[in-house]
């Protein structure tokens, strides 16, 4: 078989392993034209598309970072407002407690004053009723005493001045006896 290849090469036949120079030239020129078209038109379109995508991605990242910054700022503002609201609520609660304590103290003071007024009024009423009872008892005791004394003595003690003196002296003696017994 070796011989066959060698004999074919010597007879002017074309060797399939050795390329034809004209074919190689045409292929190289075609390759150069194709390379020129790719470099001149296709690569710039790819570069433009790549740049647009890169810019879109970077813009998206920038937008996302901006949105993240805005969200962080909004969160901080929300936290600050929440803190302020809690502080305000605590202040209002403390004011309400203080006001409640003041109202309670005022009500206690009013109740104590009203109690003292009612007690004083009751003491005054009791004292006036006691005085009225003493006056009423004096007159009844005086009448009974003069009637009884008149029956005992056997004569009438209708003289009002004399009867009043006798009753006063009798009641004074009773009071001194009660005072002595109380000691």
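What follows draws every value from the coordinates through simple rules; no lab data is involved. Note that the structure is a prediction, hence the values are computed from the model and not measured. Cβ: placed from backbone, ideal geometry, glycine included. Neighbour counts: every protein chain shown.
Taking only pairs six or more apart or across chains, which ones have beta-carbon atoms under 7 Å, a first residue in segment 77-88 that is touching a residue at least 12 places away in the same chain (Cβ under 8 Å) and at positive phi, and a second residue that is surrounded by 10 or more Cβ atoms within 10 Å (Cβ to Cβ) and part of a helix (DSSP H, G or I)?
Partner pairs satisfying both residue conditions: none exist.
Does residue 85 meet the test of being under 45 Å from the mean Cα position of the chain (by Cα) and over 30 Å from residue 166 (Cβ atoms)?
yes
Would you mind finding the one in 92, 57 that is surrounded by 10 or more Cβ atoms within 10 Å (Cβ to Cβ) and under 16 Å from the mean Cα position of the chain (by Cα)?
Only one candidate passes the filter, namely 92.
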